[in-house]
Structures are given as structure tokens and as C-alpha cells.
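> Below you'll find the structure I mean.
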Amino acid sequence: MAEDLTLPTVSVVIPTHNRRDRVQRCIDAVLADPTAIEVVVVVDGSTDGTIERLVERAATDIRLRPVLVEHGGLYPTLQAGAERATGEVVLVVDDDVVPAPGLATGHARHHATQRGIVVLGYMPVATPTPRRRGQFATFLYARNYEWTTDLWTREPTSMLRRFWGGNYSLRREDALRVGFVAPTGRLPYNDDQEFGLRLSRAGITGVFDRTLLAHHEHARDMDAFFDEARRRGIGAMMVHAAHEDIVGPLRLERYEVALPAPARWAVRAGRNRVMARVELALLRPLIHVAGIVRWWKLESLAATVAMHIIEVRTIIEAQPAAGRGA
């Protein structure tokens, strides 16, 4: 793109919840880019002193705008940030993401030449080296993310059906027209995908640019991983109910795809409540032992099977029709 291109103004919106120290790294990186005219950090009801630290810091940096809202989840927090932003473009960056230099500038260049787009930057997961016991969630997350971005590259039309937040931008007017909060209300998970589907309905086009780099510092322990699986199940059910004409019906067979035969059998058997309890009681210690002996493939596979069993059981219990493959 031409160097004399007139760039639109960019407001960076960072949602955060109880990550007082981690969010500072994200803020430092964003403020280093002069294209960001302001950094709106929306504190989602944190109780760890985040807002106090941000207010103190904002006293010496006029571009930093801390906002405290009642705890309501990610997308209501983003809505509050977009409403308070003053830039022509809203760049959303998660609080556990560290942008590379020039991220805001790179996003602005796309919007200088195109309208009606949402720009997705590249957000690879920082995987620990060497790998340690219990870090399976981060490695699984990284693998899934890379698979998704490869799909975006092969099939650009898949971007909004498989929208992945954390490093993306769109015109503020488009953000407010579509709205971050789903009409059905807050989703426990899959809200990125739901937002992408609504962007698609609104005629927005997805653009993926691997040069718009930000590193994701992901971390989950086993309990958080399993809790996330439950929320993923409910979220998937809600997304398919609201957008079945685009994504099709939610079929439980999807949770068996790409698994080896024994793992597929375990997930299918887990549709039964009693079998699910037995399998999960066995999988938890298996994950733990596999991590101790550094059998990483087994640790990841056992965690994946457990995750899918939880998702499937959650869907069946929340909506019995889904258990019949509806």
C-alpha cells in the first residue's frame, strides 16, 4: 500500500477481567503505535485492583481511557468499549494478547482502501518450551487455531463462519450497526462465531492478514479446561439454533470427526450419562499420568476425548433433541 495513504483513526478496545498485571503488557504494546489515537480498556467488573491501576496510569497518558462496567461477559464489555470509542476504526485486542509493533497501523491500512470489512490479524499461541505436565489445553488451543487460520487461507469465505476474536478490526459504524451482543443475549461460549455470523448477514466481508501479528499468551488448568468444554457445548447449541440456515443443524457426530477409532467409540459411548461418568473418572487420572511421564500425544488425546464427552453430554442434557442427532 502507498506510504502516503491517509489512514483512518483507530481506537483500540481491550476488554479485561481480573488480569491486572497481564493486561499491562498488552497496553504497553498498543500505546507504542502512534496510529492508535486512544486505548479504551474496559474493565469487566474486576475485583483485583485493575481499574485503580489503570486510572493511576491514565493520569500520565491521555490516550489511555479506562472504563469500569458491571461484570457481564466479553461481548457486552466490547459493546461498551465501542460505544465509548471515538476513532473511525475499532481494533479489538484481548487482554492476554501482546501485539507486535505496528499492529494498529497495519489494520488501519486495510480500512483506508476498503469499506464493509472486518480484518482478522494473526494471533499464534505462545506454546511453552519445554512442554510441561498439564499444559495440554494450550497446545490443543494452538493446534485448533492454526488449523482454523489455514482454513481461512484456503477458503476465505469460511472466516466469518469460524470467526476467532482477539485481534480484529472493523469500522466503528459497522460495529455499532451489527452490535457485539447477540440478540438472544449473552452466550457462555462461541460468541466469536455468533458475532462473525451476524457480520456475514450484515454484508461484512472477512479479510485475513498474517502480517498483522499479535502473540496470544494462553493458559488453562484442567478444571478451567473442563468448565470451558461445558460452556462450549451450550454455546454451540445456541449458535446453531440461531443460525441454522448458515451453519446447519448441530449433529453430535461432529465431535467424533478426526479422532482415532477407540476415541470415537469413547465419545459415542459418552452420550450415555452413566458411561460418560465412568469415562471421565478414568480420563482425568490418565491425563495426569500421561503428563507425568511426558507422553504428550496421550495427554492431548485423552484431554480431547474428555472435552468432547463433556460437550456432548452438555448438549444432550440441555436439549434432548440434540442427543438424537437433530
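Every read-out reported here was derived from the displayed coordinates using simple, explicitly stated rules and does not represent laboratory data. Not measured: the values here are computed from a predicted model. Using ideal geometry, Cβ is built from the backbone for each residue, glycine included, and neighbour counts are taken over all protein chains shown.
> Please list, ordered by chain and number, the residues whose modelled amide H lies under 5 Å from the amide H of Tyr168; skip anything fewer than 5 residues away on the same chain.
Val92, Gly121
> Can you tell me how much longer the chain between Thr148 and Ala58 gets when fully stretched, taken as 0.36 nm per residue apart minus their C-alpha distance, in nm with one decimal?
Fully extending the segment from Thr148 to Ala58 adds 28.7 nm.
> Name the residues of the range 183-214 whose amide N is less than 12 Å from a point 7 angstrom out from the Cα of Arg254 along the C-beta direction?
The answer is 190, 193-194, whose backbone nitrogens lie closer than 12 Å to the label point.
> For the chain, what number results from the quotient of the Cα radius of gyration and 2.2 N^0.38 Å?
The value comes to 1.03.
> Which listed residue (His308, Val89, Pro124) has the Cα farthest towards the positive end of the charge dipole for the chain, taking +1 on Lys and Arg C-beta and -1 on Asp and Glu C-beta about the Cα centre?
The one lying farthest along the dipole's positive direction is His308.
> Work out, in µm²/s and without decimals, the Stokes-Einstein translational diffusion coefficient of the range 269-324 at 25 °C, 0.890 mPa s, Rh from Kirkwood over C-alpha pairs.
For these conditions, the coefficient is 210 µm²/s.
> About the Cα centre of the chain, what is the dipole size in debye to 20, counting +1 per Lys and Arg Cβ and -1 per Asp and Glu Cβ, all else neutral? Walk me through the numbers on the way to the answer.
Numbers: 41 positive and 39 negative charges, 250 e Å.
It comes to approximately 1200 debye.
> Please figure out what share of the DSSP beta bridges in the chain is antiparallel and state it in percent, rounded to the nearest 5.
30 percent
> Still on this structure, I have one more. List the pair-distance distribution P(r) of the range 1-98, using every Cα-Cα distance, as the percent of pairs falling in each 5 Å bin from 0 up to the bin containing the longest distance, rounded to whole percents.
Here the calculated profile for the range 1-98 is 3, 14, 26, 26, 17, 7, 3, 2, 1, 0.
> Per the Kirkwood treatment, what hydrodynamic radius in Å, one decimal, follows for the range 131-187 from the mean inverse distance over all distinct Cα pairs?
14.0 Å
> Could you go through the range 244-253 in sequence order and give the Karplus-derived ³J(HN,Hα) for each residue, using 6.51 cos²θ - 1.76 cosθ + 1.60 with θ = phi - 60°, rounded to whole Hz, and x for Gly and Pro?
4, 5, 9, 9, x, x, 7, 10, 5, 4
> Oh, and also: Of the options Val278, Met237, Leu259, report the single residue whose Cα projects farthest towards the positive end of the charge dipole of the range 235-286 (beta-carbon charges: Lys, Arg +1; Asp, Glu -1).
Val278
> With only Lys, Arg, Asp and Glu charged, each at its Cβ (+1 for the first two, -1 for the last two), find how big the charge dipole of the range 180-244 is about the Cα centre; round to the nearest 20 debye.
I would put it at about 240 debye.
> Could you work out the equivalent-ellipsoid semi-axes for the range 223-324, taking the square root of 5 times each eigenvalue of the Cα gyration tensor, largest first, in whole Å?
Taking √(5λ) for each Cα gyration eigenvalue gives 25, 13, 13 Å.
> Working out 0.36 nm times the residue gap between Asp221 and Asp21, then minus their Cα-Cα distance, what length gain in nm do you get to one decimal?
Gain on stretching Asp221 to Asp21: 70.1 nm.
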